[in-house]
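The values are calculated or read from the model by the stated rules, or taken from the named source; none is laboratory data. Only a predicted model underlies this, so the values are computations on that prediction, with no experimental measurement involved. Here the Cβ positions follow ideal geometry from the backbone for every residue, glycine too, while neighbour counts run over all protein chains shown.
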Amino acid sequence: MQLSKKAKIDRGGVGAEALPQLRQAVCFYINGVEYGIDVNGVEEIIRMREIRTGGDWPSSVRGTIGWREQEIPVVDLRVKLGSKAADDEAEMRLVVINYKGRTAAVMVDSITEVLRIESSGVTEVPDDEIRSVGEYLQGIYIEDENQLRLLDVPRLLGDIRFAAVRQD
């Protein structure tokens, strides 16, 4: 999906107060669908590395990785969004995100770009999306026939018990 670097979004005034004003979003693919998260929460994008398994995690958490002298959970976004895990993870990337002092890495198929988004808005999540992955979406940006699904990081990470992560 090729989106312009200065995308103008029309939220139509619906739900504007519930969404943070996005200035830029890190865009990536999961299972052939393009998603984005607010760049302000992104700490780093890193290559796939060994994931240590074990622990009492939700099914979408693959385990932990060492990152900047701490162990952080790794969320498989394919599984979290209702698909099966990738057969080949070698080319996948980890997007390290921080929300209110809690850090996790999310597995994505590939990074596409950092997209500049004006604060005018995002369309509501359609009913068919709500039934599938809508609980994790803030909204959808549509440009021509392309769609960028904006993920809601607090909802995405809400079922992870960060206190279980070991700090070295």
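What's the number of the only condition in (1) modelled with pLDDT under 90; (2) in contact with an Asp or Glu (Cβ under 8 Å, 6 or more places away or on another chain); (3) surrounded by 15 or more Cβ atoms within 10 Å (Cβ to Cβ); (4) not hydrophobic (A, V, I, L, M, F, W, C) that S83 fails to meet?
Failed condition: (2).
Within segment 65-80, work out how many residues are surrounded by 21 or more Cβ atoms within 10 Å (Cβ to Cβ) and either among the charged types (D, E, K, R) or out of contact with any strand residue (DSSP E or B) (no Cβ under 7 Å at 6 or more places or on another chain) (or both).
2
With respect to Y35, is the statement that it is surrounded by fewer than 20 Cβ atoms within 10 Å (Cβ to Cβ), of a type outside the set (V, I, T) and not in a loop (DSSP other than H, G, I, E, B) true?
When the stated conditions are applied, Y35 does not pass them.
Against the condition surrounded by 13 or more Cβ atoms within 10 Å (Cβ to Cβ), in contact with a Lys or Arg (Cβ under 7 Å, 6 or more places away or on another chain), free of Cβ contacts under 8 Å to residues at least 60 places away in the same chain and in a strand (DSSP E or B), how does I45 come out, does it pass?
When the stated conditions are applied, I45 does not pass them.
Restrict the check to segment 101-112 and report whether at least one residue is surrounded by 14 or more Cβ atoms within 10 Å (Cβ to Cβ), part of a strand (DSSP E or B) and at pLDDT below 80.
Checked against the condition, which is being surrounded by 14 or more Cβ atoms within 10 Å (Cβ to Cβ), part of a strand (DSSP E or B) and at pLDDT below 80, segment 101-112 yields no hits at all.
Is at least one residue of segment 60-79 of a type in the set (A, V, I, L, M, F, W, C), at pLDDT below 90 and outside any loop (DSSP other than H, G, I, E, B)?
For segment 60-79, residues of a type in the set (A, V, I, L, M, F, W, C), at pLDDT below 90 and outside any loop (DSSP other than H, G, I, E, B): absent.
Condition (residue is modelled with pLDDT under 90, over 25 Å from Q24 (Cα atoms) and surrounded by fewer than 22 Cβ atoms within 10 Å (Cβ to Cβ)) applied to segment 136-156: is it met by at least one residue?
No; the residues of segment 136-156 include none that is modelled with pLDDT under 90, over 25 Å from Q24 (Cα atoms) and surrounded by fewer than 22 Cβ atoms within 10 Å (Cβ to Cβ).
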